[in-house]
Amino acid sequence: MSNAYSVAVVGGTGAVGREMLATLQRHEFPISQLRIMASARSAGTEVEYDGKKIVVEDLETAQFEGVDYCLMSAGGGISKTHSPRIAQAGAVVIDNSSAFRMDPEVPLVVPEVNPDAAFKHNGIIANPNCSTIQMVVALQPLHELSPMKRLVISTYQSASGAGQKGMWELWNGVKARVEGEEEPAPSTFAHPLAFDVLPQIDVFQDNGYTREEMKMVHETRKIMDVPELPISATCVRVPVMRSHSESVTIDFESPVTAAAAREALSNAPGIKVWDDPANNKYPLARMAEGNEDTWVGRIRNDVDFPTTLHLWVVSDNLLKGAASNAVQIAELLIKA
Ligand code: 3JN
């Protein structure tokens, strides 16, 4: 078995794709050959990796024979079209889109939670939604203290969840307002995001919830193997560039004290507990930005119910919420 791998990054010019490349490099992932694919629009441009320039290939015509791992961040439609042929060519595809997440044949993996699932793949492994990943990292150690009975979540999601165009739309809106100019009409978000909060991420479904909210429901049940768990989410876009924050309320079968939760979270992989309210210490988007940790604070029992706990969970949506979770999955496979 070789100890360096041929790796392809599809969508390598996007917000998540760039972080996938940066994470591979930061982690010193053993790469014998790196290829980058994107749409015809980006094909022919150059991306730098490890001091070398790599010419971006057109995904439509790229052949994948000889590729060991393909990190995909190109959207659901493109993934549906190309992931099966890439897997067929012999690569393991780690796909960041929702295209295959709920397919029973495809593992949906967060290494801190269900690493064993990664090995049951048929060529495609799905990377969960960003809001789901950081939440399940925080839930798993608590679920081991006492089984969860119900979850209620509100998210505060940054503009970068909608990619580079989302960040530009926020930036241009803020700039126009600050400079007293007419605000540009929104195109990525349903309303202007500057100086506002939008209780809508993705499109509404017939049940009154958005697709993002229902992804959190279905994906959490699959990753944590709690198919019946009642979950209700409200996903909100906030005028933050990067990192998603979440208020999470958990009902357990038996009482879980804040002290026990704090200790379990402190010992859990991938988590930084930042919880000292007397000194105004709690996780902020700016702390999470640029690192791979899931930050947890405001750990407290419910005022009335000892079986209920409330938490505040923050993580960089482009890293643990996407790129670094995908690279971690590849690392699980090569370490086996
Ligand atoms: O808006 C966010 O903060 C996260 C958005 C994720 C997203 C956006 C468009 C399409 C996804 C996703 O990862 O679930 C998808 C998709 O793959 O369906």
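Overview of values
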read-out: Pick from the range 265-289, criterion aliphatic (A, V, I, L, M) and within 24 Å of Leu318 (Cβ to Cβ), ranking: surrounded by the most Cβ atoms within 10 Å (Cβ to Cβ); value: Ala288
read-out: Candidates Ala138, Ala190, filtered to the one that is small (Gly, Ala, Ser) and surrounded by fewer than 17 Cβ atoms within 10 Å (Cβ to Cβ); value: Ala190
read-out: Count of the range 19-38 residues which are closer than 22 Å to Gly75 by Cβ and open to solvent by 50 Å² or more (accessible area, probe 1.4 Å); value: 0
read-out: Verdict on Ile86 being within 12 Å of the ligand (Cβ to nearest atom), buried (at least 16 other Cβ atoms within 10 Å of the Cβ) and either more than 25 Å from Asp293 (Cβ to Cβ) or in the same structural domain as Pro283 (by TED's automatic domain parsing) (or both); value: no
read-out: Where Thr307 falls short, out of the listed (1) in contact with a Pro (Cβ under 6 Å, 6 or more places away or on another chain); (2) of a type in the set (Ser, Thr, Tyr); (3) buried (at least 22 other Cβ atoms within 10 Å of the Cβ); value: (3)
read-out: Residue list for the range 198-231, filter: under 21 Å from Thr249 (Cα atoms), in a loop (DSSP other than H, G, I, E, B) and of a type outside the set (D, E, K, R); value: Pro199, Gln200, Ile201, Gly208, Tyr209, Met224, Val226, Pro227, Leu229, Pro230
read-out: Test: Ser146 is touching a residue at least 40 places away in the same chain (Cβ under 8 Å), outside the structural domain of Gly14 (by TED's automatic domain parsing) and of a type in the set (Gly, Ala, Ser); value: yes
read-out: Residues of the range 307-336 that turn out to be closer than 20 Å to Met148 by Cβ and out of contact with any Phe, Trp or Tyr (no Cβ under 9 Å at 6 or more places or on another chain), as a count; value: 2
read-out: Identity of the residue in the range 249-263, closer than 13 Å to Leu311 by Cα and either buried (at least 19 other Cβ atoms within 10 Å of the Cβ) or modelled with pLDDT under 95 (or both), that ends up nearest to the chain's Cα centre (by Cα); value: Ile250
read-out: Qualifying position, being under 20 Å from Gly17 (Cα atoms) and surrounded by fewer than 21 Cβ atoms within 10 Å (Cβ to Cβ), among Leu332, Leu318; value: Leu332
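The values are calculated or read from the model by the stated rules, or taken from the named source; none is laboratory data. This is a predicted model, so every value here is computed, not measured. In this analysis, Cβ positions are derived from the backbone assuming ideal geometry, glycine residues included, and neighbour counts consider all displayed protein chains. Note: accessible area is taken over every heavy atom of the protein model, side chains too, but ligands, DNA and RNA are not part of it. Shrake-Rupley method; radii C 1.70, N 1.55, O 1.52, S 1.80 Å.
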